[in-house]
1. Please compute, over every Cα-Cα pair in the stretch C:7-92, the percentage with a separation greater than 16 angstrom.
2. Just to be sure I understand: if I project the alpha-carbon convex hull of chain C onto a plane and average over all orientations, what area do I get in nm²?
3. Per-residue Cβ counts within 10 Å, from other chains only, averaged over B:167-177: what number is that?
4. Across peptide B:87-98, what mean number of C-beta atoms from other chains lies inside 10 Å of a residue's C-beta?
5. In whole percent, what relative contact order does chain C give with Cα contacts below 8 Å and a gap of six or more residues?
6. Tell me, what ³J(HN,Hα) does each residue in the stretch A:42-58 have, in order and in whole Hz, if you take phi through Karplus 6.51 cos²θ - 1.76 cosθ + 1.60 with θ = phi - 60° and put x for Gly and Pro?
7. I'd like to know how the stretch C:144-242 sits against the 2.2 N^0.38 Å rule of thumb: what's its Cα Rg over that expected value?
8. Rounded to the nearest 20 Debye, what is the dipole magnitude of the stretch A:49-260 about its Cα centre when Lys and Arg each give +1 and Asp and Glu each give -1 at the C-beta?
Amino acid sequence: MSELQVTPQRAPGGGEKGGRALPTAVRVLRWPALIVLGYLVPVLLGGSDRIYAAVVLIAIFAIMSYGIDVVLSYLGEVSLGHTLFWAGGAYATAVVAVKYGWGPLTSLAAAIGVVTALAVVLGLATIRTREFVFSLVTYAAAVIGLTVVSNSDFLGGTDGLVGVPLLALPAVGGQYVARTNAEMWPIAFGLLVLVVALIARFRRSRLGVTALMAQMNPQLATTLGVDVRRTRVLVFVLSAPIAGLAGWLYAYQRSYVSPDLLSAHFLLFMLAAVILPGRRLLLGPLVGAAILTTQQELFSFGGDADKIVLGGVLAAILLLSPNGLVGIWHTITRRSG
Amino acid sequence: MRVLDQLVNGLALGAGYALLAVGWTVLLGAARLVNFAHGQLYMLGAFVTWWACTALGVPYLVAIPIALVAVGVLGAVMQLALTRLVVEQNIVSLMLVTLAFGYLLQGSAALVFGGNPQQIPSPFSSQNVAIGSARFTQQDVLIIVAALALYAVTFYVLSRTGIGRIVRGVAEDPKLAQLYGIDAARVYLGVFVFAALSAALAGAIIAPRSPILTSIGFDEVIITFLVVVLGGIGSVLGNLVTGFGLGFFVALFGAFFPPAYSMAAAFAVLLIVLVVRPEGLRIR
Amino acid sequence: MSALLELVDLEVRYGRTAALHGVDLTVGERELVAVAGANGAGKSTLVNAVAGWSRGRPAVSGAVRLDGADVGGLAAHRRAASGIVLVPEGKGVFETLTVEENLELVRPPRKAAGKRYSVAEVYEVFPQLAARADKRCSTLSGGERQMVAIGRALRAAPRLLILDEPSVGLAPRLVLDVLRHVRELVDAGLSVLLVEQNVRATLEVADRLYLLEQGRVVASGPAEQMRDDERIVAAYLGGLRA
């Protein structure tokens, strides 16, 4: 992908603020410092098992949310079918690992392959639909996926597939085996950094700029020689492996997969993770996933009440401040001068 | 004979699907509002009916209006929260908010009504009617009659009355409607409440066919959506036809294949239709 | 002559840019007042501010008075009820409805502000619409649609009728035809604010004319005088042969 000279338009309040004003040294060291700091977060919080479990889940759910973020923030379409890619990645992993004894790298290839194929089919089928028809078809795809998975003996039915082995990656001098959440953390964090870097690259890429143009003004984009439909399908297909990657990791972290991966819970979670902080922010989905996971893991009110919290938070933010928490922040700072 | 049984079953199923879809298609046509909580309103219609029958001890036919009032009020509250988004035609936010509302309602219903499957005690479910070798219950007859009656009324009101002209006008151009002295926000409220009432009615009279769970709304909206998109958005007659068509399809499919996959098969048909004819099978 | 519509120091801003700077304007009873100006002069902004009909949320200051009462705070459908009725530029009718349905859609307000027109009386004003009563408006010609739009407005019993660019998309011959109908309505007792780019046709029917440039009134006066105003001649009538 070649770089365009155009800088992508930013959402009101979006983007990294003040990047140009910072001294060069700070600018160069900013990201490495943030990465080191991020890696040390569980240690700084005390390093208990509970903390490690929470941060690993935050990383996994953040990656999952980055998948839908690409479509929601940059394409401006509401995909309600991304649970299909998330669950597809997890199920593909579980099937090949449990039934055929594949290792993590081959299972990753399988997961990416399966979800990309799903995304191509769904993307091409919805190529002529927009707005609510697109959303409805993707939503229907996820619900149908749920019924199929729940009733398929091959996929374990309502019980799902249990016994996904430990995540064991080839390493210098043997294998790195993630037995605990603490041992899982370096892998989860590494993948998270990789995905954020990918999103940052995407935002500056020709495809990212084109997607934003197609969202803002499809007619204008067409006159500038952009194939809007092709852009939509490409971005949609690109987003699927990101969610699939999260599913792959989740299968190992949880050591089983079940149809709940396709439930409305994960759909609402990924949507809220993107929308709550504010759309089109590079670190938005990570922040959103962190807030939501912290509530559910550390301050849970029980399953049904958590549904009310998640649904209520998403509805409230959309009704009160469609630009998310950043939008609220900007309103406050503007008022105070 | 098996096929005849399934055709009769398909008639009742199809009437149910059509009943579930009528409010949604009017809402989508008039207000361009996709209500993802429609299935949860259906679920609440069913559960309030069950609650009124069992907790209040009122007869089934008295429980239905109680459910209608409860869900109608809830619908009005939802629409009042949504008014600004509808007037701005912020379709993305509307979809997401209604999805969130649905999830919120599902969680609330689970807290209030519990997580166990329940059965609405309708006196009509046990009364059989036989046509030749095929049997169906009075409940099935009730569903078919209610669906046909509601469609007839909706069609008449939309095409022949002053209210219908107003709704069609707002559907075409809400901004222009203001100049005709029409308060579009009130029309949206009315249409939304109508949609909520029809969902509740569907829940109250279709749900006695099988046990109900607070999670059923999730699937119901898919059926609605299949009917509406295949029938043509906003086309009342198209929805009636596709509702019955889908009913027969599901019934016959279930006779020869595992019934769990019937919706998946219907969805596959939809995908093919969308590729070939994105505007649906509109009947004008 | 007391003013029916009175705009006092009307200012409209979209964000930081002002689209109208302190406009003063009056329309008297039984008067046909025209507002002319180039694209972007603020004509549409003026219309929207008077009719209360706008998608954006502009900041409006100054007064909009109808018969001395401030109507600036009312929503569009309430202003319509108080007698300010707008025929918008471009699409002024529901195309999926028939002529008669469009006319019947309007319920005359209980306390009618101006003369009530029945559907039959609208057909008397525009006889050619009667023959097309059951036709969908999407099948009508541009001139006929404009007549339906004006007829629709009459059904709302207006005191002040606002016509926004009625000539857009019409053949020149039809423009004058429509405007002459408007003149007849004024002679029968209606007050009209006509916003038009077609100044030549406008001057034939209007009583007074305001010239708007960059959000300000730069000239105003009786139509006969304005015909000779050098700015009008230069900007709008200049292409004429001597």
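Here, each number is a calculation from the coordinates, and none is a lab measurement. Computed from a prediction, not measured in an experiment: that's the story for all the values here. Note that each Cβ is placed from the backbone with ideal geometry, even for glycine, and that neighbours are counted across all protein chains shown.
1. 53
2. Convex hull of Cα atoms, orientation-averaged projection: 12.8 nm².
3. That average works out to 4.
4. 5
5. Averaging sequence separation for qualifying contacts and normalising by length gives 27 percent for chain C.
6. x, 5, 5, 8, x, x, 6, 4, 5, 5, 4, 4, 5, 5, 5, 5, 4
7. The stretch C:144-242 yields a ratio of 1.11.
8. Using only the charged Cβ atoms, the result is roughly 600 debye.
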